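The values are calculated or read from the model by the stated rules, or taken from the named source; none is laboratory data. The model shown is predicted, which means the values in this text are computed figures rather than measured ones. Positions of Cβ are backbone-derived with ideal geometry, glycine not excepted, and every protein chain shown enters the neighbour counts. Areas reflect the complete protein model, heavy atoms only, side chains present, ligands, DNA and RNA absent. Shrake-Rupley method; radii C 1.70, N 1.55, O 1.52, S 1.80 Å.
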Amino acid sequence: MATTIERVRVLHGHTSEDTAYHVGDYPYGRVLRCQIRYWIETSHKGAQKGRQRFISQTTNPKAPGTVWNKPKGSTYTDLVVMYLDSNNHVQWHGVHFHLDPVWDAQTRLMGIYDQYTDAQRTLYNALLGISRKYARQWEEWEERVTAIMAHIDSTGTDPEIVNSTWQVPGGRLYYLSTPHVFVAEARRRLAEKTA
């Protein structure tokens with residue numbers, strides 16, 4: 001199980017076809033190559049007004065000249081950023097009204113929170129404030145991270161979490177499908193304590 005979360009580089013200012021992040025050489029099927037562009041679309045009307053989604057659009061290498069295919073969009077959510085991963089591939093990260101502690105930790109461990117614009121950080125903090133009203137999920141998060149910290153501190157090793165379950169004296173702790181985030185956060189906190 002990987003216990004680190006990759007830090008990424010957030011891409012800002014790509015908000016339309018005209019300002020899209022462009023990649024000139026992208027696979028199209030098994031053999032052909034095309035161009036692709038990415039941007040974050042913000043809805044300005046209807047039920048999704050103010051919400052965002054990630055858009056990608058490829059060219060059609062079978063057509064003469066530069067012919068753009070129909071854009072493909074993700075589901076709308078409250079806040080979306082694009083980023084480059086360690087392979088320089090474009091990815092996206094969305095945050096919605098039901099922000100939970102695991103997603104918050106992952107957002108911070110990836111370095112996304114630090115790279116938000118002031119407006120994005122304000123919106124994120126508002127969503128976080130709403131989420132914290134549901135205290136039990138945050139209490140469980142703290143209990144599980146604290147347990148991992150104690151284990152690592154006393155043994156020097158990560159806990160053995162199998163199928164998202166850690167067998168501990170007196171029972172089991174469940175880590176959903178993201179135990180690596182819990183472990184990475186525990187390691188971050190331990191490093192911060194000893195720094």
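Full extension of the chain between R30 and L190 gives 53.0 nm of extra length, using 0.36 nm per residue less the Cα-Cα distance. When peptides 109-120, 93-104 are ranked by their average number of other Cβ atoms within 10 Å per residue, the highest-first order is 93-104, 109-120. Rolling a 1.4 Å probe over the protein heavy atoms leaves L11 with an accessible area of roughly 20 Å². Packing, taken as the mean count of other beta carbons within 10 Å per residue, orders the peptides 81-87, 177-183 from highest to lowest as 177-183, 81-87.
The label point for A47 and the one for N87, both projected 7 Å from the Cα toward the Cβ, are 3.6 nm apart.
Compute the Cα gyration tensor for the range 1-120, then decide on rounded, prolate or oblate, letting a ≥ b ≥ c be the square roots of its eigenvalues: rounded whenever a/c is under 1.5, prolate when a/b is larger than b/c in the other cases, and oblate in all that remain.
oblate
Between E6 and S177, the modelled label-to-label distance comes to 1.8 nm, taking each label 7 Å out from Cα in the direction of the beta carbon.
Using a Gaussian network model of the chain in which every pair of alpha carbons under 10 angstrom is joined by a spring, one finds that among V162, V90, V31 the greatest mean-square fluctuation is at V31.
Ignoring everything except DSSP H segments at least 4 long, calculate the 222 nm mean residue ellipticity for the chain; use -39,500 (n - 2.57) per segment, divide by total residues, nearest 500.
-10500 deg cm²/dmol
Suppose the Debye formula is applied to equal point scatterers at every Cα of the range 141-191; what is log10 I(q)/I(0) at q = 0.16, 0.23, 0.32 Å⁻¹? For the range 141-191 at q = 0.16, 0.23, 0.32 Å⁻¹, log10 I(q)/I(0) is -0.38, -0.80, -1.48.
With K and R counted +1 and D and E -1, the other residues having a Cβ less than 13 Å from that of N60 yield a net charge of +3. Among 166-175, 17-26, sorting by the average number of other beta carbon atoms lying within 10 angstrom of each residue, highest first, gives 17-26, 166-175. Ligands, DNA and RNA left out, the 1.4 Å accessible surface of the range 46-195 is 52% carbon and sulfur atoms. Please build a GNM for the chain, connecting alpha carbons under 10 Å apart, and tell me which residue among I40, I55, I130 fluctuates the most. Comparing I40, I55, I130 in a Gaussian network model of the chain, the most mobile one is I130. Near D104: Cβ cut-off under 11 Å, other residues only, Lys/Arg at +1 and Asp/Glu at -1. The net charge is 0.
Simple point charges give the picture: +1 on the Cβ of Lys and Arg, -1 on the Cβ of Asp and Glu, and for the chain a dipole about the Cα centre of about 680 debye. Residues in the chain average 59 Å² of solvent-accessible surface per residue, probe 1.4 Å, ligands and nucleic acids excluded.
In a fully extended conformation the segment linking D100 and K70 would gain 7.4 nm over its present Cα-Cα distance, using 0.36 nm per residue.
Summing charges over all other residues whose Cβ lies under 14 Å from the Cβ of D25, with Lys and Arg as +1 and Asp and Glu as -1, gives +2. Stretching the chain fully between Y134 and A147 yields a gain of 2.6 nm (0.36 nm per residue, less the alpha carbon separation). Estimated from the Cβ-Cβ distance and a Förster radius of 22 angstrom, the FRET efficiency linking H22 and D114 is about 0.30.
Place a +1 charge on the Cβ of each Lys and Arg in the range 106-177 and a -1 charge on the Cβ of each Asp and Glu, then give the dipole magnitude about the Cα centre in debye, rounded to the nearest 20.
300 debye
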